[in-house]
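Asker: Here it is, the structure, as structure tokens.
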Amino acid sequence: MAMVGLSQGALSPVFVRYFTLIFPGLTGIFLVIWFASLYLVTRADIAEQRNAAVAAISAESNLMGDSLRNFASDLRAVAGLQSLREYIDGDVRDSGAVMADFSIFVREKPLIAQLRLIDRDGLETVRVDRNPDTQDVEIVTDLQNKAERYYFSSSIGLPADGIYISAIDLNVEFGAVETPWRPMIRLATPVFDRGGATVGIVIVNVALSRMLESFDRRGLTSHTPLQILNADGYWLAGVERDRLWGFMFGRETTLAGEEPALWSRIESADGGEFVFDGRTVIVRTLYPESALFQDGRDGAVVKDDEYWKIVAFVPGVTAGAMWRHANPLVAGAGLIVVGLFAYVLSMALTLRHEAETDKRRAAEDLERSERMASLGRLVAGVAHELNTPVGNAVTVASTLAERVDDFEKDVASGSLRRSVITKFIGELKDGTRIILDGLERAHGLIGHFKQVAVDQASEQRREFQLQEIIAGVAASLKSQLRHDGITLYAEIETEAVLDSYPGALSQVLIVLVENCRAHAFQGRAPGTVTMIARDKAEKMLEIEVRDDGVGMPPDTLARIFEPFFTTRMGQGGSGLGLSIAFNIVTGTLGGSIRAKSALGDGTSVLVALPLKAPERNREAMERTYDVG
């Protein structure tokens, strides 16, 4: 009888009406929560991809720079071989010792594909090759005249210690690209006799297959394309084979041709990242001369490739990306639970409706019975009319779960109150939240990552007084600093008028002051931050941002301008603020920036600026900053 009552209630039009209202609503709430969890999981995954891409770009850029420096060092070592010196000075006529030394050198350097000595007339004098199939080192006797080759004409006129760096291209044998492809780069330097006269060049061909293949490996590992392109936008690695090395085969397969707007952004960026068409694009530019002379010394460099762009693309949060993290089984189980909750609630509301209907009918019967003066029949009629809903209520109360026992008792007694329904709905909402908690624990991938946008400096240039910029920055920051107990002072000892970029300068000052607020007074009472502007030299001025905070140790001081370096990892620090300030000062504003600090003695950051900023400075990311 109990099951019959439940079945009849479930099939009634009232139950169907309640269920069709409640089930879609609860399903919508569940789907919102489910999609929110997918969104958060996807964001976390993309953040991991972005971090992996940044690390991969840094590793590949450092690898290429280190490799170029090593190749140049090897070339200089060959040019200084004793046997070579004796041969070019005429002390010995036989080149056998040079061949032997060249062979040993190539054998010990597995990336060297070819090492040659070419005389001043372009004739190969000594040539040692590495067989690409067997890796054996071979002395070549069929020597050729290379006077018309681009690398000879580009390097023969260089001064002592000058370096020629060719473009990265594919090796060509007998007028055709060698198969399988062998990416090469050539470095050459002139050699001189005792009298200082140029007697020829030493040139080394370096195979780059392994280095370029690492781009593909890193890209496949992180599910993020990692590419390297030359200054014309041709791909050297990181894309499908039919899009690589277009300039070697007369094909215009370039990023510049396929996505000109994207290439324009990449071409103008020395480094950093930006969002384009829903993707985060991470860029780093490697200049050959900067890689060779990273220690700051100068040298004559002739290069065929102006620079190389190392680029990674990180996808945004899309429906496709979210669906990759979806678990249909979890979604199905969730919908089953939602359906069960909707059934229980609909049944409870149906029983309440039937109880109220029976009660109303009983009242009508009572009224008729009173008019007929038949109290006995009235009591019997009421007992008969109430028997079915009360019995059904008792049956439902015995079969429902323990969580709704109290609710079912109220239904059975016919005294259901709105507060009870509200409480029951609250329990359903709590159950829905429990579903979300279960989903989050099942996936276990949701964490906390904060995006170092980093505003770009304004490119609007005009004449302005330094005083107005410092005063504006101080006015905008004083209230925030005062809230933290920090006092900001501005001491302007100059009336200089600059022809520069006020937006960029304002951003630098804000970054420096905010850096003081975030780091200078950790673990101690707030103090003061002072901005001082003074004339430095003719057509130069200096701005000092100084605090009386805790200072920093030498190892931290040496790295404060590095991108992504922060002492507050996981506490809201992006590690990009001072790096951006460094790039703006040395790039847009054409100045220099250095820092001085000691533990317990505060920190000073000194910015030296010209009164007239350069029109353009593309070397901001490659300059060396001063730390003292």
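The values are calculated or read from the model by the stated rules, or taken from the named source; none is laboratory data. Quantities reported herein were computed from a predicted structural model and do not represent experimental measurements. So basically every Cβ, Gly included, is an ideal-geometry build from the backbone, and we count neighbours across all protein chains shown.
Asker: Quick test of your reading of the structure: GLY339 fulfils all but one of (1) closer than 17 Å to ILE33 by Cα; (2) modelled with pLDDT under 85. Name the failing condition by number.
Answerer: (2)
Asker: Scan the range 112-136 for residues that are surrounded by 19 or more Cβ atoms within 10 Å (Cβ to Cβ) and either among the aliphatic types (A, V, I, L, M) or assigned to a loop (DSSP other than H, G, I, E, B) (or both) and jot them down.
Answerer: The answer is ILE112, ALA113, LEU115, LEU117, ILE118, VAL126, VAL128.
Asker: If you don't mind, another one. I'd like to know if the range 76-95 contains one or more residues that are assigned to a loop (DSSP other than H, G, I, E, B), within 27 Å of TRP308 (Cβ to Cβ), at pLDDT below 90 and in contact with a Lys or Arg (Cβ under 8 Å, 6 or more places away or on another chain).
Answerer: Taking every residue of the range 76-95 in turn, none turns out to be assigned to a loop (DSSP other than H, G, I, E, B), within 27 Å of TRP308 (Cβ to Cβ), at pLDDT below 90 and in contact with a Lys or Arg (Cβ under 8 Å, 6 or more places away or on another chain).
Asker: Next question. Specify which of the listed residues (ILE57, ILE46, ILE22) is at pLDDT 85 or above, closer than 24 Å to PHE215 by Cα and surrounded by 15 or more Cβ atoms within 10 Å (Cβ to Cβ).
Answerer: Working: ILE46 fails: at pLDDT 85 or above; ILE22 fails: closer than 24 Å to PHE215 by Cα.
Result of the check over ILE57, ILE46, ILE22: ILE57.
Asker: May I pose another question? I need every pair where a residue in the range 535-557 that is over 16 Å from ASP601 (Cβ atoms) has its Cβ under 6 Å from the Cβ of a residue that is buried (at least 20 other Cβ atoms within 10 Å of the Cβ), sequence separation at least 6 or different chains.
Answerer: From residues that are over 16 Å from ASP601 (Cβ atoms), the pairs are ASP535/LEU541; LEU541/LEU609; ILE543/ALA533; ILE543/VAL607.
Asker: Still on this structure, I have one more. Based on this model, can you work out whether ARG69 counts as surrounded by fewer than 17 Cβ atoms within 10 Å (Cβ to Cβ) and touching a Leu at 6+ places or on another chain (Cβ under 8 Å)?
Answerer: yes
Asker: Among the listed residues ALA326, ALA291, ALA300, ALA312, identify the single one that is modelled with pLDDT of 85 or more and either surrounded by fewer than 18 Cβ atoms within 10 Å (Cβ to Cβ) or aliphatic (A, V, I, L, M) (or both).
Answerer: Just a single option satisfies the conditions, and that option is ALA312.
Asker: For the range 137-149: of the residues being among the β-branched types (Val, Ile, Thr) and not in a loop (DSSP other than H, G, I, E, B), which is surrounded by the most Cβ atoms within 10 Å (Cβ to Cβ)?
Answerer: Restricting to residues being among the β-branched types (Val, Ile, Thr) and not in a loop (DSSP other than H, G, I, E, B), the top hit is VAL137.
Asker: Determine, yes or no, whether GLY572 is under 22 Å from LYS478 (Cα atoms), part of a loop (DSSP other than H, G, I, E, B) and either in contact with a His (Cβ under 9 Å, 6 or more places away or on another chain) or modelled with pLDDT of 90 or more (or both).
Answerer: no
Asker: While we're on this one: Taking into account only those residues within the range 174-208 that are modelled with pLDDT under 90 and either among the aromatic types (Phe, Trp, Tyr) or touching a Phe, Trp or Tyr at 6+ places or on another chain (Cβ under 8 Å) (or both), which is surrounded by the most Cβ atoms within 10 Å (Cβ to Cβ)?
Answerer: Restricting to residues being modelled with pLDDT under 90 and either among the aromatic types (Phe, Trp, Tyr) or touching a Phe, Trp or Tyr at 6+ places or on another chain (Cβ under 8 Å) (or both), the top hit is VAL177.
Asker: I need every pair where a residue in the range 29-51 that is within 17 Å of VAL337 (Cβ to Cβ) and outside the structural domain of VAL283 (by TED's automatic domain parsing) has its Cβ under 9 Å from the Cβ of a residue that is part of a helix (DSSP H, G or I) and acidic (Asp, Glu), sequence separation at least 6 or different chains.
Answerer: Cβ pairs passing all conditions: SER37/GLU440.
Asker: Consider the range 80-111. How many of its residues are buried (at least 19 other Cβ atoms within 10 Å of the Cβ), farther than 23 Å from ALA197 by Cβ and more than 45 Å from the chain's Cα centre (by Cα)?
Answerer: Summing the residues that are buried (at least 19 other Cβ atoms within 10 Å of the Cβ), farther than 23 Å from ALA197 by Cβ and more than 45 Å from the chain's Cα centre (by Cα) in the range 80-111 gives 1.
Asker: Considering only the range 150-221, give the strands (runs of 3 or more DSSP E) lying wholly within it that have at least 1 residues that are out of contact with any Lys or Arg (no Cβ under 7 Å at 6 or more places or on another chain) and of a type in the set (D, E, K, R).
Answerer: By residue number, 183-192.
Asker: Hey, another quick one. Please indicate, with yes or no, whether at least one residue in the range 562-575 is under 23 Å from TYR489 (Cβ atoms) and not polar (S, T, N, Q). So that I can check it myself, show each step before the final result.
Answerer: Restricting attention to the range 562-575, the residues satisfying the condition of being under 23 Å from TYR489 (Cβ atoms) are none.
No: the range 562-575 contains no residue that is under 23 Å from TYR489 (Cβ atoms) and not polar (S, T, N, Q).
Asker: Okay, next question. Considering only residues that are polar (S, T, N, Q) and at pLDDT 85 or above, which ones fall in the range 511-534?
Answerer: ASN515, THR528, THR530
Asker: Moving on to the next point. I'd like to verify a number: residues in the range 217-259 that are surrounded by fewer than 18 Cβ atoms within 10 Å (Cβ to Cβ), under 22 Å from the mean Cα position of the chain (by Cα) and modelled with pLDDT of 90 or more, how many?
Answerer: Here the count works out to 1.
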